[in-house]
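Read the figures in this text as sums done on the coordinates, not as results from a lab. Keep in mind the model is a prediction, meaning the values are calculated, not measured. Every residue, glycine among them, receives a Cβ derived from its backbone with ideal geometry; neighbour counts consider all protein chains shown.
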Amino acid sequence: MKTRIIGAIVALILAAVGAFVLITYVRGADARAAEGAELTDVYVAQEEIPKGTPGESVNDLVTLDSVPTRNVPAGSVTNLDDLAGLVADADILPGEPLLEARFVDPAELAARGDVVVPEGMQLVSFTLPADRVVGGQVRAGDKIGLVGTIDPDEVGEEQDVINPITSFAFHGVLVTNVQGVVTPNPEAEEQVEQSAGDSIMLTVALSAHDIERWVWFAEGESATYAQMWLTLENEKTDNSGTAPVTGSTAF
């Protein structure tokens, strides 16, 4: 009995030693193989990168690793600047190398109905005539600005002087859905034109307080104390130099 126990213990010890020797040999072989080999820096996810994450936001989610050039997967990201303006097409798990093919234009996600709502934001919808939505050019995944006009006076009292104020209220608002857009079909025999009176419903993502502000403008549309116009923005849009415009500053 004791002999069998001793034999089992010896076998376990020999197995452990053998495994250690094998691992050490393999690591040494890898080191010898890498020694003198050309190395390339690639980025590897150190924590999960959720689908829809902008390329500009992955810096803190990845680590830089040097691997033999011959082992670098095709299309590996070697410069994070290459991801500017793109978003993750799917969840990227920890340990995965960053591949250019895993990042796409936000419009591509939007075309599939996959606009990701940023964490902490809510969705709200509203409807405007096409001529106030850049002629119906706005699409899901776009960023828009809102220009609002209000009249701070109480309309109806003779002593009041109506002096509307126009100003940008929002910039960089993410559009998640667009409905009611009439898009001409170049292959159709009869072209369908977008008229200024056509209504377009947009759904946008905003923080809780910004939704309150947005609804304030939208509610004012029928009461004529607030009017909304949208702009189409991009990463190169210059929003500097804006200021409220009144009758005394418009000219």
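Some observations on this one:
- Estimated from the Cβ-Cβ distance and a Förster radius of 30 angstrom, the FRET efficiency linking Ala84 and Ile211 is about 0.55.
- Against the rule of thumb 2.2 N^0.38 Å, how large the Cα Rg of the range 63-149 comes out: 1.51
- The overall shape of the range 58-98 is prolate: from the C-alpha gyration tensor, with semi-axes ordered a ≥ b ≥ c, the ratio a/c is 1.5 or greater and a/b exceeds b/c.
- Per-residue Cβ neighbour rank within 10 angstrom, fewest leading, His209, His171: His209, His171
- Cβ-based exposure ranking for Lys143, Lys236, Lys51, in which fewest neighbours within 10 Å come first: Lys236, Lys51, Lys143
- Remark: the range 241-249, residue by residue, has Karplus-estimated 3J(HN,Hα) of x, 7, 7, x, 10, 10, x, 8, 10 Hz, where x stands for each Gly or Pro and the curve is 6.51 cos²θ - 1.76 cosθ + 1.60 at θ = phi - 60°.
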